[in-house]
Amino acid sequence: MIYSFNKLKPVVHPSAFIHPLAAVTGDVIIGKDVYVGPGAAIRGDWGRIVIEDGCNVQENCTIHMFPGITITLKESAHIGHGAIVHGANIGRNVLVGMNAVIMDNSEIGDESIVGALAFIKADSIFAPRSLIVGNPAKKIKDVSDEMIAWKTEGTKLYQQLPKECYDTLKECEPLTEIEPNRPVASAAYKTWNETKN
């Protein structure tokens, strides 16, 4: 669902995929190969939201801000299921874990990783390559080259997803039985724990 607000319409690059069950409102600018999942709410009603090329905003995320603010999700930012970004800027190639909350005027430096369920207080500033966890969140170490390479590979899957959705996602009636020889998805990408071992 795409909505104008105060005469401002979202701008969405043709290669981006916005799921029909997501809501994108007002002054929102979405770049190339961006994926926005069902249940996501991206509200550019009181300020501007810029989502640069190759980002993904997964299911049930909220992106919003206090009035008069512009926030940016920089290129290849990866916003995990259920995360909330409220008035914060997210650096290039950052991973925000599932159900993390990032509050106003915070800055997450490039190639950082925010752990699942982390709570980042307002006005927090984190340098590039920070591994950030906890409530309240704090940096516990630097992100290694191996960690950011793993994150980058995962984001590439989401950068391919918009085209796959345009090519294959169709509303349908469910089957009543499992068909013979039903294909199984390949395991081309592994968890961090499997990767680091």
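The values are calculated or read from the model by the stated rules, or taken from the named source; none is laboratory data. For clarity, every value in this text was computed on a predicted model and none was experimentally measured. No Cβ is skipped: glycine too gets one built from the backbone with ideal geometry, and neighbour counts run over all protein chains shown. Only protein heavy atoms, including side chains, enter the accessible area calculation; ligands, DNA and RNA are left aside. Shrake-Rupley method; radii C 1.70, N 1.55, O 1.52, S 1.80 Å.
Based on the Cβ-Cβ distance of Ala23 and Cys165, what FRET efficiency does E = 1/(1 + (r/R0)^6) give at R0 = 22 Å, to the nearest 0.05?
Working: r = 17 Å, r/R0 = 0.78.
My answer for the efficiency is 0.80.
Protein heavy-atom accessible surface, 1.4 Å probe, per residue over the chain: 56 Å². Partner lysines whose Cα lies under 16 Å from the Cα of Lys163, excluding those fewer than 8 positions away in the same chain, are identified as Lys32.
Suppose a student asked you for the relative contact order of the chain, using Cα pairs under 8 Å spaced at least 6 residues apart; what percent would you report? Can you show the working numbers first?
Working: 542 pairs, mean separation 24.5, N = 197.
Worked out over the chain, it gives 12 percent.
Summarise the accessible area of the range 26-173 (1.4 Å probe, protein heavy atoms) by the percent that is carbon and sulfur.
Values: 3640 of 6710 Å².
The nonpolar share, carbon plus sulfur, comes to 54 percent.
With each run of n ≥ 4 DSSP H residues scored as -39500 (n - 2.57), what mean residue ellipticity at 222 nm is computed for the chain after dividing by its residue count and rounding to the nearest 500 deg cm²/dmol? Walk me through the intermediate numbers first.
Details: 2 runs with 29 residues, N = 197.
It lands at -5000 deg cm²/dmol.
Please work out the Cα center distance from the range 24-93 to the range 130-150, rounded to the nearest Å. What the calculation gives is 21 Å, centre to centre. Taking a straight Cα-Cα cut-off under 20 Å and skipping sequence neighbours fewer than 8 places away in the same chain, the aspartates and glutamates within cross-link reach of Lys139 are Asp104, Glu107, Asp110, Glu111, Asp123. A Förster radius of 25 Å combined with the Cβ-Cβ distance from Phe5 to Glu59 puts the calculated FRET efficiency at roughly 0.65.
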